[in-house]
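Novice: One structure, pasted below without further comment.
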Amino acid sequence: MTNRFAEPMARLIEELRKLPGIGTKSAQRLAFHVLRSPAEDAEALAVAIRELKLHLRLCSVCNNITDVDPCGYCTNPLRNQRLVCVVEEPTNIATIEKTRSYGGVYHVLHGTLSPIGGVGPEQLRIANLLTRLNEVDEVILATSPTTEGEATAGYLALELRKINSAVKVTRIATGVPAGSDIEYADEVTITRAMEGRREF
């Protein structure tokens, strides 16, 4: 597929194809863009990727991506540490933060339950959520309203109540359309979904 290019170009195209949403044509365009760019731009890109891998890690409390541990949300004294919003991916945090209507902390699962995809509870980052329950008043389940998101929310609600029946477990309202991804919802929709959450 890429063997008609010189080896360094073919190798870069092949690596770029591994990125989500990047097909062969897009990978080729990106590779030629890098080739045409000044050497310092290519070096800056390489350094940025290397720094990302060297310095970013998961927060030991909430699993958000961070360069300090615990992350800024978990250590912020202005945030309500007794209110935890559970999301699928770190990108969901940015979506909720854009609304400026949520003042609690987060917990990132890094996925959803998917028996077909071979993702069970063991593959999700649930254990450190369960250890936080004694210091929490409410857990908001803000998984996407997809089949997998609903299954994950249902499973978590049962597990959370097993460990601490006093914790209030709520689900975001259906302001987010069924079958869609929370990451693509606008600020007004997310605000309404958070405000209209219900006990789960």
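Novice: Please tell me if residue 143 is in contact with a Ser or Thr (Cβ under 7 Å, 6 or more places away or on another chain), among the β-branched types (Val, Ile, Thr) and surrounded by fewer than 21 Cβ atoms within 10 Å (Cβ to Cβ).
Specialist: For residue 143, the condition - in contact with a Ser or Thr (Cβ under 7 Å, 6 or more places away or on another chain), among the β-branched types (Val, Ile, Thr) and surrounded by fewer than 21 Cβ atoms within 10 Å (Cβ to Cβ) - is not met.
Novice: I'd like to check something: does the range 22-43 contain any residue that is surrounded by 12 or more Cβ atoms within 10 Å (Cβ to Cβ), among the β-branched types (Val, Ile, Thr), in contact with a Gly (Cβ under 8 Å, 6 or more places away or on another chain) and outside any loop (DSSP other than H, G, I, E, B)?
Specialist: No - not one qualifying residue is present in the range 22-43.
Novice: Now for a different question. Among (1) assigned by TED's automatic domain parsing to the domain that holds residue 195; (2) of a type outside the set (Val, Ile, Thr); (3) touching a residue at least 60 places away in the same chain (Cβ under 8 Å); (4) not in a helix (DSSP H, G or I), there is one condition residue 77 misses while meeting the rest; what is its number?
Specialist: (3)
Novice: Which count do you get for residues in the range 55-74 that are touching a residue at least 24 places away in the same chain (Cβ under 8 Å) and exposed (fewer than 14 other Cβ atoms within 10 Å of the Cβ)?
Specialist: Qualifying residue count for the region: 1.
Novice: Further question on the same structure: Could you give me the residue pairs with C-beta distances under 6 Å whose first residue belongs to the range 178-195 and is exposed (fewer than 12 other Cβ atoms within 10 Å of the Cβ), whose second residue is at pLDDT 70 or above wherever it lies, and which are 6+ apart or on separate chains?
Specialist: Cβ pairs passing all conditions: 178/145; 179/146.
Novice: Are there any pairs, at least 6 apart or on different chains, whose C-beta atoms fall under 8 Å, with the first in the range 90-110 and under 12 Å from residue 59 (Cβ atoms) and the second at pLDDT 95 or above and of a type in the set (Phe, Trp, Tyr), and if so, which?
Specialist: Once the first residue is under 12 Å from residue 59 (Cβ atoms) and sits in the range 90-110, its partners that are at pLDDT 95 or above and of a type in the set (Phe, Trp, Tyr) give 93/73; 93/106; 105/73; 106/73.
Novice: Conditions: (1) part of a loop (DSSP other than H, G, I, E, B); (2) small (Gly, Ala, Ser); (3) at pLDDT 90 or above. Residue 154 meets all but one. Number of the miss?
Specialist: Result: residue 154 passes all but (1).
Novice: Cβ contacts < 6 Å: first residue farther than 13 Å from residue 172 by Cβ and assigned by TED's automatic domain parsing to the domain that holds residue 90, restricted to the range 135-161; second residue modelled with pLDDT of 95 or more and surrounded by fewer than 18 Cβ atoms within 10 Å (Cβ to Cβ), any location; separation 6+ or different chain. Result?
Specialist: Pairs that qualify, where the first residue is farther than 13 Å from residue 172 by Cβ and assigned by TED's automatic domain parsing to the domain that holds residue 90 and the partner is modelled with pLDDT of 95 or more and surrounded by fewer than 18 Cβ atoms within 10 Å (Cβ to Cβ), are 136/82; 137/82.
The values are calculated or read from the model by the stated rules, or taken from the named source; none is laboratory data. Since we're looking at a predicted model, the values are computed, not measured. Backbone-built Cβ (ideal geometry, glycine too); neighbour counts: all protein chains shown.
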